[in-house]
1. For a protection proxy built on the mean count of beta-carbon atoms within 10 angstrom, sort 57-63, 14-20 highest first, please.
2. Which number comes out as Rg/Rh for region 137-290 once both Rg and the Kirkwood Rh are worked out on C-alpha atoms?
3. Build a GNM of the chain with springs between Cα atoms under 10 Å: which of 73, 130, 94 gets the top mean-square fluctuation?
4. Report the net charge of residues surrounding residue 149, where surrounding means a beta-carbon distance below 14 angstrom and charges are Lys +1, Arg +1, Asp -1, Glu -1.
5. Please work out how much length the chain gains when fully extended from residue 93 to residue 282, using 0.36 nm per residue of separation minus the C-alpha to C-alpha distance, in nm with one decimal.
6. Taking Cα pairs under 8 Å and at least six residues apart, what relative contact order does the chain come out at, in percent?
7. Under a 1.4 angstrom probe, counting protein chains only, how are 47, 277 ranked by accessible area, largest first?
8. For the chain, which whole percent of the accessible surface, found with a 1.4 angstrom probe, sits on carbon and sulfur atoms?
Amino acid sequence: MTALDSLAGLSVGDAFGAQFFATENRPLLLDETAVPPGPWPWTDDTEMACNLVDVLHRHGEVDRDALAAAFADRHDPYRGYGPGTVVLLRALRDGEHWRTVSPAQFGGRGSMGNGAAMRAAPLGAYCPGDLERVTLEATASAVVTHAHPEGIAGAVAVAVAASYVTRGDADGLMDAVLSHTPRGAVHDGVRRAAGLLDRTREEAAYELGNGSRVLAHDTVPFCLWVAARHLTDYERAVRTCVAVGGDIDTTAAITGGIVAAHTGAGGIPESWLAAREPLPGWIAESKARR
Ligand code: 8NA
Ligand code: MG
Ligand code: MG
Ligand code: MG
């Protein structure tokens, strides 16, 4: 499956999940067959992922300067960016360099928000089965905005997972992710997720987090748990993210991006694709030149 398949899964998950933040749609959370009325606007998760895919298509790799420029130039402040990322993108737009501003975030620690992980799945699909390469590319894709080791680890874990599932089923998925993700809180969470695969979604979300802190390590392990459990069922995977609450645009984006890397865009319900706000014209025209 291609980066565009994964991007379709990511963007539909993002747009579907984001609908439940609207007060009038909250009652729909109680009905797990409900489909919110369209159109479903996508959010920052999709905007950043579109830029990443476009840079891959134009450069054949993650060119960090091009990625920073794309993030800054096409930044729509109404897409619901995280607070640190709003400040960072404004600085980039004002001509500062990502090498200066990204490591300076959060008192010089860099961001460990889930914003690098939320856009990373299509990168995995771009490098199918090449887990060494995808680890390097995911690190490059993260560091322009998320320089904290956990922010980077979240992107690596998601991209490796998406790369892995393009080539087969979920057997061995957690081990593949663990062997490429740097040690730390994301790694610990994925290891715990691997031990919880026979538990309920509520137990898994309670143990692993549901993204409510918007941090890489409170978001990514649960997404991998859902992907491992529901890899062949896009709708079930995304609904599982929504059902447990938390940062549901982002958990559904990450999980949807990984699952669609396995199923292809054909795994996404057609009516959901139709309800999602169209992607920007420039990404629809963006094609891999490899
Ligand atoms: P970010 O870089 O601002 O990180 C997110 C948050 O994580 C920060 O605001 C901090 O609270 C915390 N954080 C990050 N790094 C550190 C650190 N080193 N030390 C202490 N705390 C830290 O933004 P991001 O791009 O990672 O955020 C992505 C999320 O923001 C996604 O969920 C995305 O959907 C969006 N989001 C938007 C809304 C909204 O309604 N506007 C709500 C939630 C999330
Ligand atoms: Mg968002
Ligand atoms: Mg280059
Ligand atoms: Mg979010």
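The values are calculated or read from the model by the stated rules, or taken from the named source; none is laboratory data. Values in this document were obtained by computation on a predicted structure and should not be read as measured data. Cβ atoms come from the backbone with ideal geometry, glycine included; neighbour counts cover every protein chain shown. We work out accessible area using only protein heavy atoms, side chains counted, and drop any ligands, DNA or RNA first. Shrake-Rupley method; radii C 1.70, N 1.55, O 1.52, S 1.80 Å.
1. Numbers: 57-63: 15.9, 14-20: 26.1.
Highest-to-lowest ranking by the protection proxy: 14-20, 57-63.
2. Details: Rg = 15.0 Å, Rh = 15.7 Å.
Rg divided by Rh gives 0.96.
3. Comparing 73, 130, 94 in the GNM, the peak value goes to 94.
4. Details: positive: 109, 183; negative: 150, 188.
Residues close to residue 149 contribute a combined charge of 0.
5. Working: separation 189, 0.36 × 189 = 68.04 nm, distance 2.00 nm.
Answer, rounded to one decimal: 66.0 nm.
6. 28 percent
7. Working: 47 15, 277 50 Å².
Heavy-atom accessible area, descending, gives 277, 47.
8. On the way: 5950 of 11430 Å².
C and S fraction of accessible area: 52 percent.
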